[in-house]
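To keep things clear, I will list the structure first and then write my remarks on it.
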Amino acid sequence: MKPSALLSRGLATAVPILAGALMLGASAAAPQAPAPAAQTVLPGYWEYTTSALGMGDTETKCVRPSEINRFFGGLSTRRWQCTYPVREVGNGHARFEGTCRDPKGRSVNVRLRGPYDTEHFRFRGGAQLARGTPYIPASITAHRISAECPAGAEYF
């Protein structure tokens, strides 16, 4: 099979997987001491939009104080378990680089970076489906709607 056909086939398979992973937007990170309160995002009711290859999704979640590090720590989902050996957060800028694996053992390299403050963040970067291939553009933007969560809100 030609490399271009292989890449196209891989993208056709991986795009829904990657989009699903990004759209779930749950997060996890390597254990790390929490940043000072002024340097991290706040708990509350959050709206976030994820996008990969022009496909996007917007969700709202209630984030408890105990979930902030997991919420803000990078992308991990019910389907994709991610580890971020590179996790730099401070002075209003974050950078994450790592690998996400699904239950079938498939993996993608992920890198995201961007600005944040206590009520907003915007990370751009991408996912690499196979070693040596280009990164597929991806992003996540989020903003805190309110400090209080409405009745019936879905928790993170």
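Before moving on, here are some points about what is shown:
- With the simple model of a label 7 Å out from the Cα in the direction of the Cβ, residue 143 to residue 124 spans 1.8 nm.
- Shown for the range 85-141 is the translational diffusion coefficient from the Stokes-Einstein equation, using the Kirkwood radius over Cα pairs, a temperature of 4 °C and a viscosity of 1.567 mPa s: 107 µm²/s.
- A Förster radius of 30 Å, combined with the Cβ-Cβ distance separating residue 59 from residue 131, puts the computed FRET efficiency at roughly 0.45.
- Residue 93 paired with residue 109, simple spin-label distance in nm, labels 7 Å along Cα-to-beta-carbon: 2.1 nm
- Burial order of peptide ranges 138-147, 85-94 (average beta-carbon count within 10 Å, highest first): 138-147, 85-94
- Computed over the range 104-156: relative contact order in percent, which uses C-alpha pairs under 8 Å that are six or more apart: 28 percent
Values in this text are rule-based calculations from the coordinates and carry no lab data. Keep in mind that this is a model prediction, so the values were computed, not measured. Reconstructed Cβ throughout: ideal geometry from the backbone, glycine too, with neighbour counts over all protein chains shown.
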